[in-house]
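These notes are about the structure you will find just below.
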Amino acid sequence: ISISEKANVYRIDLYDLISSNLKKLVHIENGIHSISWQASSESLLISSRDKLFNMSVEGVKKQIPFSNYKIISNASSTKRLNKVVMELGNYDIDILEFKPKEQQELTKLIDTESLDLQPLYSPSENRFIYQTSRRGFSQLVISDKESEKVLFINPEHEEFFGFTWSPDGSKVALATTTQLYMFDANTALELTKEKLDNKIYIRDWFNKDHA
């Protein structure tokens, strides 16, 4: 049984039809798109957004690694788990720009056949940052009219919880599942990295004098 427990957190329970016992197995973030028994009936195959997990009936969860940015649905496997078939949803989100006083048509800025999300102009309005999944996981990119560069490669495949510019446009802050990062927007160098005890979501960055 899959249950929505709270915001972005889901729980999988095992219900015994004979004894009517309900056993809590595991918590999963980012949704559950499909659950299927393995052929041996000793474990479950779970798809959660772009990830696959193998979970025992004792609640031990292991991610099945493979490079993917598409949404997985209806996954099933062979008895030995040496082959997996699934549906992959090819979601493509592009970034476009519109200048109401100059033109009536949209101009496509970013089109990578992947998920390009949350564009945010710099204070000077000559460049923007955005989140992309073109490598199969989230990365943070800074783009201008001439070029673009990756600010955060994301080697640990962390989930993003918001990013923003500093008021002067020289830095970019990013929150992930476990860390708070600060980057130099001109050199793309990581300036600071602070471990978070709790999840936060970044909405804006302002000077205290302007609060």
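The values are calculated or read from the model by the stated rules, or taken from the named source; none is laboratory data. Everything numeric in this text was worked out from a predicted model, so none of it was measured. Here Cβ is always computed from backbone atoms with ideal geometry, including for glycine, and neighbour counts include all displayed protein chains. Areas reflect the complete protein model, heavy atoms only, side chains present, ligands, DNA and RNA absent. Shrake-Rupley method; radii C 1.70, N 1.55, O 1.52, S 1.80 Å.
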First in region 133-153 and under 16 Å from Leu109 (Cβ atoms) and acidic (Asp, Glu), second anywhere and open to solvent by 60 Å² or more (accessible area, probe 1.4 Å) and modelled with pLDDT under 95, Cβ under 7 Å, 6 or more apart: Asp144/Asn126
Candidate set from region 36-53 (those that are open to solvent by 40 Å² or more (accessible area, probe 1.4 Å) and either polar (S, T, N, Q) or at pLDDT 85 or above (or both)); member that is farthest from Lys6 (Cα to Cα): Ser40
Considering residues of region 54-72 that are open to solvent by 60 Å² or more (accessible area, probe 1.4 Å) and polar (S, T, N, Q) only, the residue nearest to Phe137 (Cα to Cα): Ser67
Checklist (1) surrounded by 13 or more Cβ atoms within 10 Å (Cβ to Cβ); (2) more than 24 Å from Val141 (Cβ to Cβ) applied to Asn21, failing item: (1)
Odd one out for Lys108, checked against (1) assigned to a strand (DSSP E or B); (2) modelled with pLDDT under 90; (3) under 23 Å from Thr178 (Cβ atoms); (4) not aliphatic (A, V, I, L, M): (3)
Any hit, region 73-87, residues being touching a Phe, Trp or Tyr at 6+ places or on another chain (Cβ under 6 Å), modelled with pLDDT under 85 and open to solvent by less than 50 Å² (accessible area, probe 1.4 Å): no
Residues (open to solvent by 30 Å² or more (accessible area, probe 1.4 Å) and acidic (Asp, Glu)) located in region 149-196: Glu156, Glu159, Asp168, Asp184, Glu190, Glu194
Breaking point among (1) within 30 Å of Tyr201 (Cβ to Cβ); (2) open to solvent by 40 Å² or more (accessible area, probe 1.4 Å), for Arg11: (2)
Among residues of region 121-148, those that are open to solvent by less than 50 Å² (accessible area, probe 1.4 Å) and out of contact with any strand residue (DSSP E or B) (no Cβ under 8 Å at 6 or more places or on another chain), counted: 2
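Return a yes/no flag: does region 46-56 have any residue that is more than 24 Å from the chain's Cα centre (by Cα) and β-branched (Val, Ile, Thr).
Among the residues of region 46-56, not one is more than 24 Å from the chain's Cα centre (by Cα) and β-branched (Val, Ile, Thr), which makes the answer no.
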Pair list, Cβ < 7 Å and 6+ apart or interchain, from region 28-42 residues that are over 16 Å from Asn82 (Cα atoms) and β-branched (Val, Ile, Thr) to residues that are surrounded by fewer than 16 Cβ atoms within 10 Å (Cβ to Cβ) and modelled with pLDDT under 80: Ile32/Ser2; Ile35/Ser2
Residue in region 111-120 that is assigned to a loop (DSSP other than H, G, I, E, B) and touching a strand residue (DSSP E or B) at 6+ places or on another chain (Cβ under 6 Å) present: no
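Quick one: would you say Gln118 is polar (S, T, N, Q), within 21 Å of Val172 (Cα to Cα) and surrounded by fewer than 18 Cβ atoms within 10 Å (Cβ to Cβ)?
yes
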